[in-house]
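Below is one structure, written out as structure tokens, with a few remarks after it.
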Amino acid sequence: MDIILVPVGEIDSAILINLKNDLAKVLKKEIAIDKPLPEPEYAFNKERNQYLSTAILEELISRKKTLPRAKFLGLVDHDLYVPPLNFVFGEAGRQAAVISLTRLRQEFYGLPADENLFLKRVLTEAVHEIGHTYGLSHCSNFHCVMFFSNTLADTDRKGFNFCPLCERKLNQNY
Ligand SMILES: [Zn+2]
Ligand SMILES: [Zn+2]
């Protein structure tokens, strides 16, 4: 298995299955869904009412020792932060990455739900963080998935595809 999706706490299984199928198409990799990890209470910051994504990332890395070649992508349905940023959509190291679903929903901004848009955003953020685990850095092309998203408008504009330069780098690192 190349990439393993790990629900961290409760994640709707329809989201996981959808992401698994979409990632297989975009990345041309074998994707599996692992059994869920417990809710990440160890990462909760009461003052901020947010979860420290680095703590969840460390937990994922410690889990993956048995499968050194696979990349782990954790999915969390809580708002994540990394100081000094107010929030992050996700965080990645070289072995594992984590994304938050919370800010990808229209409802978070008081807008009506849009399931297709939500699933596209989940895919975009997942591909971006997995790109980092394969050694890609941020790209200045704002139509490339490796462009850094400061806002959801950035995420929606860039979509889930790599630009030709990032695609080439990715294939070298696969
Ligand atoms: Zn990034
Ligand atoms: Zn690029």
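The values are calculated or read from the model by the stated rules, or taken from the named source; none is laboratory data. All values derive from a computational prediction rather than experimental measurement. All Cβ positions, glycine included, derive from the backbone under ideal geometry; neighbour counts span all protein chains shown. Only protein heavy atoms, including side chains, enter the accessible area calculation; ligands, DNA and RNA are left aside. Shrake-Rupley method; radii C 1.70, N 1.55, O 1.52, S 1.80 Å.
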Next item on the list: Determine, yes or no, whether LEU123 is of a type in the set (A, V, I, L, M, F, W, C), open to solvent by less than 10 Å² (accessible area, probe 1.4 Å) and either away from ligand 2 (no atom under 12 Å from the Cβ) or over 24 Å from LEU57 (Cα atoms) (or both).
Entry: yes
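Being away from ligand 1 (no atom under 12 Å from the Cβ) and hydroxyl-bearing (Ser, Thr, Tyr) is the filter here, so list the residues in the stretch 155-174 that pass it.
Across the stretch 155-174, the qualifying residue is only TYR174.
State whether one or more residues within the stretch 85-106 are within 16 Å of ligand 2 (Cβ to nearest atom) and under 14 Å from the mean Cα position of the chain (by Cα).
Yes: one or more hits.
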Checklist line | First in the stretch 133-154 and in contact (Cβ under 8 Å) with a residue 40 or more places away in the chain and more than 9 Å from ligand 1 (Cβ to nearest atom), second anywhere and of a type in the set (D, E, K, R) and part of a loop (DSSP other than H, G, I, E, B), Cβ under 9 Å, 6 or more apart | finding: THR133/ARG94; TYR134/ARG94; GLY135/ARG94
Next item on the list: Name every residue in the stretch 72-99 that is within 23 Å of GLU30 (Cβ to Cβ), open to solvent by 30 Å² or more (accessible area, probe 1.4 Å) and at pLDDT 95 or above, in order of residue number.
Entry: ALA92
Check: Any idea how many residues of the stretch 132-167 are within 25 Å of PRO84 (Cα to Cα), within 12 Å of ligand 2 (Cβ to nearest atom), open to solvent by 40 Å² or more (accessible area, probe 1.4 Å) and not in a loop (DSSP other than H, G, I, E, B)?
Finding: 0
